[in-house]
Amino acid sequence: MRKFNGFGKRQVTLAALVLLIGAAGYINLTHTPGEDALPASGEAVIEETPPPAADDYFTASRLERERSRSAAMDICKEVVNNPQGTSDAKANAQNDLAAFAKAIETEAVLEGLIKAKGFDDVIVYLADGNANVVVKTIGLTPAQAAQIKDLIVENAKIKADKIKIVEV
């Protein structure tokens, strides 16, 4: 019978393959397409990053809005599902969940309606009886601002003086 005195050829080969696959995976995740360590001449390249485009702003804002709202909704759900919670706390949490759902729906409707008026992109924030609207446009006319306010007053039941419109 043969004694096991350490690693054999197969175990060393297997360990080396696992390390190579791990290294290849790491490089694949960290390397961006078209990225080279140094240019052909060997000189370092200094790249200036342009300011974020308006599209990036809208995408990032939507993600952040969803992320923060999701976190708040998770907290409300924990309160509702907590067997030791008071009935008042559970009722308040359920009301907050309903308000979040209504705001999500109303914001989506308003964003669609405002885009239908010819704006390239828009994001609407509804909270505490206020509306903040960020519109992608070059030079918002008073007539366009009035159209946006009318849509919000009609669909969200928010007073015109509680609506703020920002151009990007």
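Just so it is clear, none of the values below were taken in a lab; they were calculated from the coordinates. Everything quoted here is computed from the prediction, not taken from an experiment.
Using the Cα gyration tensor of the range 90-168, with a ≥ b ≥ c the square roots of its eigenvalues, what is the shape: rounded (a/c below 1.5), prolate (a/b larger than b/c) or oblate (neither)?
prolate
Show me, for the range 89-98, the HN-Hα J-couplings you get by feeding each phi into the Karplus relation (A = 6.51, B = -1.76, C = 1.60, θ = phi - 60°), rounded to Hz, glycine and proline as x.
In residue order, the calculated couplings are 5, 5, 5, 4, 5, 5, 5, 5, 4, 5 Hz.
Would you mind checking which residues have amide H under 5 Å from T137's amide H? H placed 1.01 Å from N; only 5 or more apart, or other chain.
Residues meeting the amide H criterion: V168.
Quick one: 3J(HN,Hα) in Hz for the range 146-154, Karplus 6.51/-1.76/1.60 with θ = phi - 60°, rounded, Gly and Pro as x.
Ordered by residue, 3J(HN,Hα) equals 5, 4, 4, 4, 4, 4, 6, 4, 5 Hz.
I need the phi-derived Karplus couplings for the range 78-88: 6.51 cos²θ - 1.76 cosθ + 1.60, θ = phi - 60°, integer Hz, Gly and Pro marked x.
Values per residue, Gly and Pro as x: 4, 5, 5, 8, 6, x, 8, x, 6, 5, 5 Hz.
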